[in-house]
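The values are calculated or read from the model by the stated rules, or taken from the named source; none is laboratory data. A quick note: this is a predicted structure, and the numbers were derived from the prediction, not measured. Neighbour counts are summed over all protein chains in view; Cβ atoms, including those assigned to glycine, are modelled from backbone coordinates with ideal geometry. In case anyone asks, the SASA skips ligands and DNA or RNA and just uses the protein heavy atoms, side chains included. Shrake-Rupley method; radii C 1.70, N 1.55, O 1.52, S 1.80 Å.
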Amino acid sequence: MKGIEADIDKGMPSPPLRRQKFYGWNNAALLFFIQFAASGFVYFAYAAIFPAMVEAMSWNRGDASIAHSLSFLVLGLSYPLTAWLIGKRGVRFTLTVGLVLMLASLLMTVFFVTQIWHWTLIWGIFMGAANALAGPLCGQTVVINWFNAKRATVLGIILTGSAAGGFFAQPILIRVMEIFGSWQSGWLVSASAVVGALLLTQFIVNRPGDIGQHPDNFDPHATRADSNKPAPKPRTYRSAQNWTVGEVFSTRAVYFIMIISVTYLGIGTFLLTHGSLYLSDIGISKIQTASIVSIFIIGSGLGRMPAGWLGDRFELRWLMAAMMAMMLASFIMLWALDSLIGLGFAAFLLGLCYGGFFALSPALTSNFFGQESFAKINSVFAPLLLPFVATAPAGAGYIFDIYGNYDLAFLIGSILLGLSLIAAICLTPPEHKTATEGA
């Protein structure tokens, strides 16, 4: 220390400060594996374990699916709390609380569920709140805080974790349940994965400023001499303003976004809740059914990173329109076909589009309405959107109970996909009033 001070006194330059490694990529890796464990082995695990629960306890599909519908309602109502906690205590704290509640819900499911009302209470209320607190809003907020130019790409990376986890979870959980002869053993595996996610969460850093870094690892205050690399420039539209919630709902774009969001989330929820049951109804064996569901999930994972990469290079309007058209075609194929190859292809294409929307939707919201407004806007979106999404599990279950098939559910889904295709084509960036006044 004295040597350096002596050099300064003599007018000699001090040695350059060592550049700190950009922690944004550490966060991305952590969030990938947190999603792999907590979402892949819980949310996607539902598709493997729920049918076993229905069969073991002789529940009818409509009543048993109320729990999943209620879970979505609670998820939507809990989003304002999630956004408030993120703003007050940060993502790491919020994610920790959510994962602890998720772990408690899984253990209660294993040790206490013997009747349908137990299942409805635990999965519907407690797991719904856990999914809000530990859900995608946390990871999306961290990525949006740390990345600007590569935002959609990194969102695609972290969201691939849940699909990758779901892909591996399907055969693992089915095999575990076969070995131990109980659905409870499947949820115990899920609980173990959540413990791992809890440990990883403790290494999340909420914002670049918390450790003296900057988004995209670029210091906007650096001198020209020190900045031999220019600031990364986004290739797609970014709002120069951070919109208020009132301003957002004065645009037509927000209503197009809501139609698209309800549709892709509702279709995905229907398939993950009733897809295995539907495939069994049309004569597909359990092993083949698990394979097709796994194909849908891996398609969802493979679609997220390419969609994010494309979303940073091409305007999201046309990407979403193309994906919605493919989703409509593959959904109708899944309904119409009964061959294993055709169903597998349709499931894979559906998964690609479903996963792609998961990466593009949060990027679209932050691009159109501002980075700082993202969590606040999402906390209002969720209570409005998720009650509609929540109708998919119970609604499809009761459609089957009444008609003996899922044809009406497929028809409603196809109509919604057609409307969403039109909404995507009409989706253009809104103009903020300050930009209009400035012009």
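Listing for the model above:
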{"read-out": "Qualifying residue in region 400-420 (condition: part of a helix (DSSP H, G or I) and either at positive phi or of a type in the set (Lys, Arg) (or both))", "value": "no"}
{"read-out": "Selected residue (criterion: farthest from Ser285 (Cα to Cα)) from residues of region 171-207 that are part of a loop (DSSP other than H, G, I, E, B) and either among the β-branched types (Val, Ile, Thr) or in contact with a strand residue (DSSP E or B) (Cβ under 9 Å, 6 or more places away or on another chain) (or both)", "value": "Val205"}
{"read-out": "The lone exception for Asn148 - which of (1) open to solvent by 20 Å² or more (accessible area, probe 1.4 Å); (2) part of a helix (DSSP H, G or I); (3) touching a residue at least 40 places away in the same chain (Cβ under 8 Å) it fails", "value": "(2)"}
{"read-out": "Top-ranked residue in region 198-251 [being of a type in the set (Val, Ile, Thr) and either open to solvent by less than 50 Å² (accessible area, probe 1.4 Å) or under 30 Å from Leu384 (Cβ atoms) (or both); ranked as modelled with the lowest pLDDT]", "value": "Thr236"}
{"read-out": "Test result for Leu173, open to solvent by less than 10 Å² (accessible area, probe 1.4 Å) and under 25 Å from Ala48 (Cβ atoms)", "value": "yes"}
{"read-out": "Residue list for region 64-77, filter: of a type outside the set (A, V, I, L, M) and within 25 Å of Gln115 (Cβ to Cβ)", "value": "Ser65, His68, Ser69, Ser71, Phe72"}
{"read-out": "Residue match in region 37-58 (condition: over 25 Å from Ile295 (Cα atoms), surrounded by fewer than 23 Cβ atoms within 10 Å (Cβ to Cβ) and either polar (S, T, N, Q) or at pLDDT below 90 (or both))", "value": "yes"}
{"read-out": "Complete set of residues in region 345-356 that are open to solvent by less than 10 Å² (accessible area, probe 1.4 Å) and out of contact with any Lys or Arg (no Cβ under 9 Å at 6 or more places or on another chain)", "value": "Ala346, Ala347, Leu350, Gly351, Cys353, Tyr354"}
{"read-out": "Region 18-67: number of residues that are β-branched (Val, Ile, Thr) and free of Cβ contacts under 8 Å to residues at least 40 places away in the same chain", "value": "0"}
{"read-out": "Matching residues in region 85-110 - criterion: being free of Cβ contacts under 8 Å to residues at least 12 places away in the same chain and either open to solvent by less than 50 Å² (accessible area, probe 1.4 Å) or hydrophobic (A, V, I, L, M, F, W, C) (or both)", "value": "Phe93"}
{"read-out": "Among (1) crowded, with 19+ Cβ neighbours inside 10 Å; (2) farther than 23 Å from Ser291 by Cβ; (3) at pLDDT below 90; (4) touching a Leu at 6+ places or on another chain (Cβ under 8 Å) - the single one Ser366 does not satisfy", "value": "(4)"}
{"read-out": "Within region 324-340, tally of residues that are touching a residue at least 60 places away in the same chain (Cβ under 8 Å) and closer than 29 Å to Val254 by Cα", "value": "6"}
{"read-out": "Region 298-313 residues that are open to solvent by 60 Å² or more (accessible area, probe 1.4 Å), paired with ones that are hydroxyl-bearing (Ser, Thr, Tyr) (beta carbon under 6 Å, 6 or more apart)", "value": "Met305/Thr160; Trp309/Thr153"}
